[in-house]
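Report on the following structure.
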Amino acid sequence: MEPERSEVLQGTLDLIVLKTLETMGPQHGYGIAVRIQQVSEDLLKLNQGTLYPALLRLEQHGWITSKWGVSENNRKAKFYSLTKRGRNQLAAEAASWERMAAVIARLLGAEGT
Amino acid sequence: MDWLRILLSRLKTLFRRGGLEENLDAEMRSHLEMLEGEYLRRGRSPEEARYAARRDFGGLEQAKEAFREQRGIPFLDNLVRDVRYGARLMRKSPGFAIVAVLTLAIGIAVNTVVFTAFDALALRSLPVKEPEQLARIFRATPGDRYGAFSYPDYLYYRDHSKDFSDLTMMAFGMDLTSSEVPASGQATLPRIAGALGFHMPQFLQGSAQPLGNAFISGNYFEMLGTQPLLGRLLRPDDDRAGAIPVVVLSGNFWRRQFHANSNVVGSVLHLNGIAFVIVGVTHVDYAGTADTVGDVWLPISAKIALGLPAQQLEDRAALAGWVGGRLKPGVSLQDAAAEFHVLASHLAADYPDTEAHAGATVVSGRTYAPPLDGEAWTIVVIVMAAVALLLLIACANVAGLLLARSAARLREIAVRVSLGASSARLLQQLLTESITIAVLAGALGLVLAGWMLRLVIYEISSSLPSYWGTIVLQISPDIRIFSYTFGIALIAGVAFGLTPALQSLKPDLNLALKDGGSLFGPRLRGSHLRDVLVAGQIAACVVLLISSALLLRGSQRALKTDPGFDIKGILFLHVAHPEDATELSARFPEVVRTLERHIGGLPGVQGVARASRPPIAGGQRWTTVSRASDDRSPESEKRPAPPEIGYSYVSGNYFDVLQIPLLRGRTFTPAEVEASAPVAIVSEATAHQLWPGEDAVGKRIMVGKSQPASHFIGEGQTAPVEREIVGVVRDVRSMDLRKPDDGYLYLPSSSAAPWNGLFLIRTAGEPTTLLSPLADTARNLHIETPTLAGALSSMVSFDPYFVISRIGGVLSTIVGSLGLLLGCMGIYGMVSYSVIQRTKEIGIRMALGAQSREVQALVLRNGLRPVAIGLAVGVAASLGVSQVLRAILFGLDPVDAFSFVGVSVLLVMVAVISGWLPARRATEVDPLIALRYE
């Protein structure tokens, strides 16, 4: 039985990408996709192509910037990196995510009390 | 603020298309290659690696598309792409494009013309200061809500009204001539108006030219905030008795007469012999609250200087002019109306003779539109409906063409749908095509409309006499007209594009992909819709054309109507009576007598009669007539007022010259005429009404008006007079060409009376040959007032019902013919496409031995079936419409066989030809090629 894969929602994709860039530093799209797959141990189902519109959106918001460079296998690739605004956004979103998680945990745990 | 950042980013990409696509492609490809590389490293074969990479990535094109949607403004991107695609398609089939654009442009142009006229009259504000505050006030009586006021009444309202900051009056005009204005030259005949049967009377060569004039109260220009072009404008000071006579010129007159000389202020202009000082000039084409601009502006008090008896301005029973006003800020029209209601009741209490039953109507004065009663609005509605119908026909036509085309594009659309195009996206693309056509048509339509309007206005203004004034309606296109035009173009585009688009989205995909939609498959629903469209167009055309035939034939009957007297051999001559107290006015009776004598002596003249009004539509006046014996009885007070009938003053030989049969008694004797004796002649209808079955000769009647009304010049207010009837004559149609007068009264006209000046001259030959000798005679007698002359038969075109009927007929013909043209183009198109679609079927039939004639007949039959249905529906509808038109058909049978049959035959012939031409091409198909045709 294949482990259940959850669909990735747009809002959480932003958070994941920002976090990835914070951890890994400047990275191209493929690299980000690989990292996501690694960390989630394949539990997150992601059509890799959908990263690109998301990356563009993040760039439009000003949370990341891009620069053309050369990848490991000598191909032209665009490298994305976090901006200062992006760092702030990441901190804010992570905080709100944890708050939400805590509330839900309490709700679910409250059954028992 | 993020949304702004995003928006800016999206907008930027609109301008940097090129390199972006390359970059996107490069980025995604490198990602894919890296994925492939990973799988290769894990030991998959190159093909497996490539497949796995693509699977992990997801759809490449979809990802690119999602990226593009995030990147640009997808709506705009798609729009631009659709427009380019649509343009390419149109270039490939230019015939279709031209036909579609032209068809719509005609429909749009006609609608724009009508709307522009309506806008100029009813929607645009007057070019004055704060027009929303302006109001027009009319005198309301039981018979007429929109009457004029007398001068004393105007003064009363002006002095007592609190709701208006200003009340002004524009008084009736006068006949004005100036010795400084040259006499008229050879008469020119207007072209199109003449061809349609409208004839204006012409000035006799050498006659003095009258000046268009407006008499206004002193506060008129102040109220409107008018600015002078030169000098100053009229002020309240100028409108006093005893003020120096001053005049303001209109810019138009200043240009024409004074050649735009800027030194004109201070010089003198003689009007009817009186010297007036020119104090200023208004701007060219400025007409204040009127819709035509005349030559001179004068204060009302100047009428006295020009010879009007002062008593006329003090007579509460003499109608003097039109009242307008400016409401104070914050006062509504209803408030003003209520105030006037109260004031009117005070007036009625103070002056019961003249003011009982009289009130006031207050309406907005913001636009040019005169208050229209129910009848006039119906005409407006009818005209707008007719042109809207034409546009509908045009849209139906183009929709049909598009339907035919979309049937041919079914396969293309099926492929797109299977590739994942959403219905919304396809709809957007198809609609963009039709809207592009519509916008092009709108632009062309605007140009056509401008051209049509200029032609019409030019024709109208060259037909009208210059002293009637120049029409100043603003017909230049402005933002409102642009929006209207493109608005209806867009609506049309969506209207005719939507149905074919929706049709295209529903095809059976399988069938479409395999067959390309030949008629071997199930009958396409599209063709039913096309048939309905064709039938609808034809029905509309039939209604329009039958109406036009009825109206034109009806108005032609008007010209041939026997009015009860001899109209063909009569020439009329009208010498304007000088209204002033000059020397000419004193000797006017002598001039009249001399003129009468001289005209009688001209070769070919068989008789000269005088009358106070022409015997056809024009100058009607009414009075009441009752039996003299009735009036003496004590109950006469309670009896309702007797009905009013027309009347005029005539010379004794009037009936002889006009050949009106004398049924009983005799005509006036010369002695009775000169003495204005208390005698009268009545028409047989009046005689029958007052004394049914008896001989009216010798009986006595009471003639008189107690309510203020229009009089003949110089009549003044008369108390009822008792007269003896000396003769009864046959009924004539002098008030309304459509039926004999309900009653008529003839009174003797002494040659000294001021309403003289109209002569009716019977000639042996063609009346117009007398014009030149008459001009000489008038010159020799030194007649200084404007003189009009013409054949009496030309005056028929003045009858208002004739005008409506004729103009209605012309409009209907134009619209109907355009509709027919469009309809035929539609039929041609339908049959053409049907042939193309059924090529396979036709090929098989012919291969099986069908004759070309049979095949043609088959195609034609199918193509013309909707025409037959449309014809039937149209004829049925026309039967109803013709009943509505009955009132202006001048006796033509509403179910006029000639019109109905004629139009039907014409339609069938034209439709058959339109269908036969492409049907012929069907038989030129080589069966072998047809069978292979995809």
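The values are calculated or read from the model by the stated rules, or taken from the named source; none is laboratory data. These numbers come from a predicted model, not from an experiment. With ideal geometry, Cβ positions are generated from the backbone for all residues, glycine too; neighbour counts draw on all protein chains shown. Please note that ligands, DNA and RNA were not included when accessible areas were found on the heavy atoms of the full protein model with its side chains. Shrake-Rupley method; radii C 1.70, N 1.55, O 1.52, S 1.80 Å.
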Just grab the label-to-label distance for B:Ala719 and B:Asp144, each label 7 Å out from Cα along the Cβ direction, in nm (one decimal). 2.6
Surrounding charge for B:Arg366, neighbours by C-beta under 10 angstrom, Lys/Arg +1, Asp/Glu -1, total 0
Sequence-distant or interchain residues sharing an amide H contact under 5 Å with B:Lys699, placed H: which? B:Ile725
Ranked from the most accessible area to the least, with a 1.4 Å probe and all protein chains present, what is the order of B:Ile783, B:Ile137, B:Ile304? B:Ile304, B:Ile783, B:Ile137
Environment charge at B:Val113 (Cβ cut-off 11 Å; Lys +1, Arg +1, Asp -1, Glu -1): 0
Give the residues of the range B:207-224 whose amide nitrogen is closer than 13 Å to a point set 7 Å from the Cα of B:Ala290 in the direction of its Cβ. B:211-217
For peptide A:54-64, compute the average count of partner chain beta-carbon atoms within 10 Å of each residue's beta-carbon. 4
Output field shielding_mean for A:67-77 (other chain Cβ, 10 Å radius) holds 3
Could you please state how large a percent of the accessible area of chain B is carbon and sulfur, counting protein chains only and using a 1.4 Å probe? 61
Can you compute the modelled spin-label distance between B:Leu4 and B:Ala421, with each label point 7 Å from Cα toward Cβ, in nm? 3.9
Mean Cβ neighbour count within 10 Å, used as a protection proxy, ranking B:652-658, A:23-29 highest first: B:652-658, A:23-29
Alpha carbon centroid spacing (whole Å) that separates the range B:99-173 from the range B:254-300: 24
Computed helical MRE - 222 nm, chain B, DSSP H runs ≥ 4 contributing -39500 (n - 2.57), nearest 500: -17000 deg cm²/dmol
Can you give the log10 of the normalised intensity I(q)/I(0) at q = 0.12 Å⁻¹, computed with Debye over equal Cα scatterers of the range B:46-204? -1.02
At 0.36 nm per residue, and after removing the present C-alpha to C-alpha distance, how many nm does the segment from B:Val381 to B:Glu69 gain when stretched out fully? 107.5 nm
How much length is gained on full extension from B:Val895 to B:Ile913, taking 0.36 nm per residue of separation minus their Cα-Cα distance? 3.7 nm
Among B:Leu176, B:Ala214, B:Met384, whose Cα projects farthest towards the positive end of the dipole of the protein assembly as shown, with charges put on the beta-carbon of Lys, Arg (+1) and Asp, Glu (-1)? B:Met384
Output field shielding_mean for B:3-11 (other chain Cβ, 10 Å radius) holds 2
The alpha-carbon pair-distance distribution computed for the range B:234-312, with 10 angstrom bins and whole-percent values, is 18, 49, 30, 3
Which value does Rg/Rh take for chain B over its C-alpha atoms, Rh per Kirkwood? 1.10
Gain in length, B:Thr768 to B:Leu155, computed as 0.36 nm per residue apart minus the alpha-carbon separation, to one decimal in nm? 215.9 nm
Which whole-number value in Å² is the accessible area per residue of the range B:281-360, probe 1.4 Å? 42
With Cβ to Cβ distances under 14 Å as the rule, what net charge do the other residues near B:Gly790 carry (K, R +1; D, E -1)? 0
Convex hull of Cα atoms in the range B:828-934, direction-averaged projection (nm²): 7.7
For B:Val268 and B:Arg700, what does the FRET efficiency come to when R0 = 56 Å and r is the distance between their Cβ atoms, rounded to the nearest 0.05? 0.55
Take the alpha-carbon centre of the range B:722-754, take the same for the range B:794-868, and report the distance between them in whole Å. 54
If r is the Cβ-Cβ distance from B:Lys12 to B:Ala348 and R0 is 56 Å, what FRET efficiency results, to the nearest 0.05? 0.15
